[in-house]
1. Quick one: which residues, 5 or more positions from ALA42 or on another chain, have an amide H under 5 Å from its amide H? H modelled 1.01 Å from N in the peptide plane, none for Pro or chain starts.
2. Mind checking region 87-140 for GluC sites (Glu not before Pro) that DSSP puts in a loop (not H, G, I, E or B) and that have at most 14 other Cβ atoms within 10 Å?
3. With unit charges on the beta carbon (Lys/Arg positive, Asp/Glu negative), name the residue among SER100, ALA162, LEU114 whose Cα is farthest towards the positive pole of the charge dipole of the chain.
4. Among SER108, SER50, SER100, which comes first, then next, by fewest other beta-carbon atoms within 10 Å?
5. Modelling each spin label as a point 7 Å along the Cα-to-Cβ direction, I'd like the VAL81/ASN124 distance in nm, to one decimal.
6. Tell me which label goes with the value of Rg/Rh (Cα atoms, Kirkwood Rh) computed from the coordinates here: (i) 1.00; (ii) 0.92; (iii) 1.04.
7. Please list 3J(HN,Hα) in residue order for region 54-60, calculated via the Karplus relation 6.51 cos²θ - 1.76 cosθ + 1.60 where θ = phi - 60°; whole Hz, with x for glycine and proline.
8. Looking at the square roots a ≥ b ≥ c of the eigenvalues of the Cα gyration tensor of region 80-173, which shape do they give, rounded for a/c under 1.5, prolate if a/b is larger than b/c, or oblate?
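Since every read-out is calculated from the coordinates, none of them should be taken as a lab result. Keep in mind that this is a model prediction, so the values were computed, not measured. Cβ atoms come from the backbone with ideal geometry, glycine included; neighbour counts cover every protein chain shown.
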Amino acid sequence: MKKQIGVMGSCQDLEYSKEVEALAEAVGKEIARANCTLFFGAEKDLDSLSTAACRGAKKEGGLCVGVTYGKGKDVVEDCDVVVATGLERGGGRELVLALSCDAIIAISGGSGTLTELAIGYQANIPLIVLEDTGGWADKLVGEYLDARKRVKVVGAKTPKEAVEMAVRMAGKP
């Protein structure tokens, strides 16, 4: 089985820059090059940094699994497999997504990304953030989410470094 690397990040309504979007796409390309499966939150109504990562992975022939809310599978066209959770955004979809990952890479991120990181933290899933992308990625780099100190959020400077760290930290799938 391939390692399952999650990419979590801001939705378009948080107005991320084209530069950060390009970094997300580069993360997706690196995941495909590492022969891993990309897991992401498949949005139905707007673009996101996660879907940018999906586009990048598809450009490199990678396999992409989108976990979406609700019942329908009408999501990103580049997605290979859609997991329709029947749950709403903020209501459990994040649980299914995060727990499906061997490691999580966060790029910027708002409240949904924070939820996914917290779930990953509780499950001892390695957490990597792409530094200097804004949002929760920059706020959490080098931190633990609580006094239990389960998983330290580690920072990466480049998409390649983030994926290399994720693959190494994920261990066996």
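1. VAL67, THR68
2. GLU88
3. Of the options given, the answer is SER100.
4. The most exposed by this proxy come first: SER100, SER108, SER50.
5. Label at VAL81, label at ASN124, 2.5 nm between them.
6. The value computed from this structure is option (ii).
7. Here the 3J(HN,Hα) series is 4, 4, x, 4, 5, 4, 9 Hz.
8. rounded
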